[in-house]
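Shown next, in structure tokens, is the structure this report addresses.
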Amino acid sequence: MSGDAVAIDSEDVWPDDSDDIDEAVVANWFVRQGGRVSEGDTVCEIQIEKVSIDVPAPASGELAEQSVPENGEFRRGDVLGRIRPN
């Protein structure tokens, strides 16, 4: 992956009040790999215990990578995907 890609970092959306929770699941990707996104668009939904959180695109461009598949588990701070900016 090119160094100019912008990471979709799970740490950026992790709730402040969930310090004791380290794992979550990608419930749904709303944009498929190769799809175009605008900064702020919801790219995926994650579930931390019973809470669903929409994850916004940190930049406009093409979703170049989905690092965690739907229903895939990840740990706090993991990169969920990467966006190649316009």
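The values are calculated or read from the model by the stated rules, or taken from the named source; none is laboratory data. Computed from a predicted model, the values in this text were never measured in an experiment. As a convention, Cβ positions derive from the backbone with ideal geometry for all residues, glycine included, and neighbour counts pool all protein chains shown.
What about Asp17, is it more than 18 Å from Asp78 (Cβ to Cβ) and surrounded by 14 or more Cβ atoms within 10 Å (Cβ to Cβ)?
Considered against the rule, which asks whether it is more than 18 Å from Asp78 (Cβ to Cβ) and surrounded by 14 or more Cβ atoms within 10 Å (Cβ to Cβ), Asp17 comes out as no.
Can you confirm whether the range 53-70 contains a residue that is closer than 18 Å to Glu11 by Cα, over 11 Å from the mean Cα position of the chain (by Cα), surrounded by fewer than 16 Cβ atoms within 10 Å (Cβ to Cβ) and of a type in the set (Gly, Ala, Ser)?
no
Applying the selection to the range 1-36, what residues are aromatic (Phe, Trp, Tyr) and part of a strand (DSSP E or B)?
Trp29
Quick check on Ser10: is it surrounded by 15 or more Cβ atoms within 10 Å (Cβ to Cβ), polar (S, T, N, Q), free of Cβ contacts under 8 Å to residues at least 40 places away in the same chain and touching a strand residue (DSSP E or B) at 6+ places or on another chain (Cβ under 8 Å)?
Here the answer is no, as Ser10 does not meet what is asked.
Go through the range 1-23 and report how many residues are at pLDDT below 95 and either among the aliphatic types (A, V, I, L, M) or touching a helix residue (DSSP H, G or I) at 6+ places or on another chain (Cβ under 9 Å) (or both).
Within the range 1-23, residues that are at pLDDT below 95 and either among the aliphatic types (A, V, I, L, M) or touching a helix residue (DSSP H, G or I) at 6+ places or on another chain (Cβ under 9 Å) (or both) number 4.
Pick from Glu49, Glu39: which is surrounded by fewer than 16 Cβ atoms within 10 Å (Cβ to Cβ), closer than 20 Å to Arg84 by Cα, over 12 Å from the mean Cα position of the chain (by Cα) and of a type outside the set (Val, Ile, Thr)?
Going through Glu49, Glu39 in turn, the sole match is Glu39.
Six or more apart or on different chains, Cβ atoms under 7 Å: show the pairs whose first residue is in the range 57-79 and closer than 13 Å to Val31 by Cβ and whose second is basic (Lys, Arg) and assigned to a strand (DSSP E or B).
Final answer for the pair search is Gly61/Arg84; Glu62/Arg36; Glu62/Arg84; Ala64/Arg82; Ala64/Arg84; Glu65/Arg82.
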